[in-house]
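Asker: First the structure, which I've put down as structure tokens, then a few questions once you've had a look.
The values are calculated or read from the model by the stated rules, or taken from the named source; none is laboratory data. Since this is a predicted model, take the numbers as computed values, not measurements. Cβ sites come from the backbone with ideal geometry, for glycine too, and all protein chains shown count toward neighbours. Areas reflect the complete protein model, heavy atoms only, side chains present, ligands, DNA and RNA absent. Shrake-Rupley method; radii C 1.70, N 1.55, O 1.52, S 1.80 Å.
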Amino acid sequence: MKLDREMEMLLNEIPLLHHGGLLGGGVGADDDADLSFLIHELAAMGVVDGDDDPPPPPPHAADFLGFSIFNYPKKGDNNLVSSHPFSIANYCAHMPSLFDPLSFDASTAAADGWDIRCSPSPPPSAPPAATPRSSRCKGSRRKNGGATAAAASPKKCGAASAAAKPARGESLAGLRGFMCHVARDQHGCRFLQQRLDDGKREVDAIFAGVSRHAAQLMVDPFGNYLMQKLLSVCDAGQRKQLVLTLTADPFVLVRISLNVHGTRAVQKLIESLRTREEIRLVVDALRPGFLELIKDPNGNHVVQKCLQSFEADDNKAIFDAASVHCLDIGMQCHGCCVLQRCIARSRGEHREKLVAAIACNGFELAQDAYGNYVVQYVIDLKIPNANSSLAQQFEGKYIHLSMQKFSSNVVEKCLKVFKEADKANIILELLAMPHLEQLLQHPYANYVIYSALQNSKGSLHSALTNAIRPHVELLRTSPYCKRIYSRALLKK
């Protein structure tokens, strides 16, 4: 427990590095050189991956990142506190602590643009006089403790200097060559996102550091958030450069779109496009993988974002692919949704071609678990040519379709939307069934009979009720016929 508390305290003190000038202090080139040298040292040991930038010269040995040089204890030394491989007591005895007071000059910090919201307190000139234990009381300790806590509160320190916004433009120079590695870290990515709000200078610095690694960052669990934020703040030239980088190899953008993290970044890219040239480059890059994207749980959102954000003429390639592969797409869980979205977003010739292709495959789609929704969507459009084509395909097969789970929904839709002549053909085909009681007792066909009673009138309705009336006793006892009998539709 003690070890966990000590480590938690150390982690909570990490923001002091920022206020001390290591990550965001902006105190000058020396601190940036120190940070760059440390990162290059870590890269040499294989801890991080760096770019090809040459390592900076090492800092002075007397002052390394603001801490004095120390010596690690060796195994044979007598001053080891414990024989455990890692001991907090041994660590505190030989390592400089983040809690030790540092020399701090407020006037120099203000001139250099340091963030002094939580600046360390100046070292005391003399140790306080010892107070006898007997003279202390609980009230004084509580009072002193409360004053100390109030003086050290970061929130109050920040409120006192909220009006002074620190100039931290130079702090990103120390991350040059390792910006991609920082963006892949949870806290580093958050830090860079905050810096993007500081101005154009920071945006340019971060863009220069991550633009070459855009494809890798877009599929990273943390880096994709930085890329989304960068796309929302970069200028037209930078956005064009990103588009050219991502579309140089067509399959790169497709692979990113299929990724659970990359799909969000690509959708943000699509939202940010402003020129026809950029739209053409992105659509052409996605074209080789349209079929795979439409059927993928992540990629289908990219295609739907294209349909939502682009004009119909820009989505011509998507409409053409959907028309050619409508049967394959419509019989897939994600594809049926994209196909309906294609119909909704298409206009003119593109829509007619797409609806005609679906109607030609209506019989196969109507019997599918997902394709039946596409057929019902087309029927609801009430396009005469499409509904006539479907009626011709279904003619003579309504009984077969009525006795299936998914296609029975399509037959019900036909009874509600088709013209009166086509409705009459459906009801006459049902009446021609030698054993109508089989349809009445069927778990799916009974819904078709119920819809036929609701959507018929005149002599046709009378013929249907006369055919059902001899089976009244069956209607009372069968679990599937009760809804027909309870509606009292036979009394009309």
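Asker: Between the DSSP loop rule and a limit of at most 13 other Cβ atoms within 10 Å, which GluC sites (Glu not before Pro) in the range 267-350 are left?
Answerer: E311
Asker: Take E395 and D185, extend 7 Å from each Cα along the Cα→Cβ direction, and tell me the distance between the two endpoints in nm.
Answerer: Simple spin-label model gives 7.3 nm for this pair.
Asker: With a sphere of radius 12 Å drawn around the Cβ of R255, what net charge do the other residues whose Cβ falls strictly inside it have (Lys, Arg +1; Asp, Glu -1)?
Answerer: -3
Asker: Counting only heavy atoms of protein chains, what accessible area per residue, in Å², does the range 351-492 have with a probe of 1.4 Å?
Answerer: Using a 1.4 Å probe on heavy atoms only, each residue of the range 351-492 averages 49 Å².
Asker: Let me check I've understood the local charge: for K353, count other residues with C-beta under 15 angstrom from its C-beta, Lys and Arg +1, Asp and Glu -1. What total comes out?
Answerer: 0
Asker: Hand me the trypsin sites (Lys or Arg not before Pro) from the range 214-276 located in a DSSP loop with no more than 13 other Cβ atoms within 10 Å, in residue order please.
Answerer: R274
Asker: Per 0.36 nm of contour for each residue apart, how much would the distance between D235 and R274 grow if the chain were fully extended, relative to their Cα-Cα spacing?
Answerer: Taking D235 through R274 to full extension adds about 12.9 nm, to one decimal.
Asker: Further question on the same structure: Any idea which of L246, L286, S232 is furthest toward the positive side of the dipole for the range 211-338, if Lys and Arg beta-carbons carry +1 and Asp and Glu beta-carbons -1?
Answerer: S232
Asker: Taking square-rooted eigenvalues a ≥ b ≥ c of the alpha carbon gyration tensor, is the range 256-399 rounded, prolate or oblate, where a/c under 1.5 means rounded and, failing that, a/b exceeding b/c means prolate?
Answerer: prolate
Asker: Given R₀ = 22 Å, what would the calculated FRET efficiency be for K382 paired with S309, taking r from the Cβ atoms and rounding to 0.05?
Answerer: In this case the efficiency is close to 0.20.
Asker: I would also like to ask the following. Please work out, to two decimal places, the log10 of the ratio I(q)/I(0) at q = 0.12, 0.15, 0.21, 0.22 Å⁻¹ from a Debye calculation in which every Cα of the range 343-481 carries one identical scatterer.
Answerer: Once normalised to I(0) and log-transformed, intensities are -0.48, -0.71, -1.23, -1.32.
Asker: Step through the table entries K397/K457; K268/K416; K316/K423; K240/K353, compare each Cα-Cα distance with 32 Å, and write down the pairs that go over it. List each step's numbers first, then the result.
Answerer: Numbers: K397/K457 23 Å; K268/K416 41 Å; K316/K423 36 Å; K240/K353 34 Å.
The answer is K268/K416; K316/K423; K240/K353.
Asker: Right, another one. Add +1 for every Lys or Arg and -1 for every Asp or Glu among the other residues with Cβ under 15 Å from the Cβ of K268, and state the total. Please list the in-between numbers first.
Answerer: Details: positive: K229, R239, R264, R274, K305; negative: D220, E271, E278.
Result for the local shell: +2.
Asker: Which whole-angstrom value gives the distance between the alpha carbon centres of the range 291-346 and the range 170-203?
Answerer: 37
Asker: Please report, in cubic angstrom per residue, the volume enclosed by the convex hull of the alpha-carbon atoms of the range 214-260.
Answerer: About 60 Å³ per residue, rounded to a whole number.
Asker: Roughly to the nearest percent, how much of the accessible area of the range 173-241 is carbon and sulfur, given a 1.4 Å probe?
Answerer: 50
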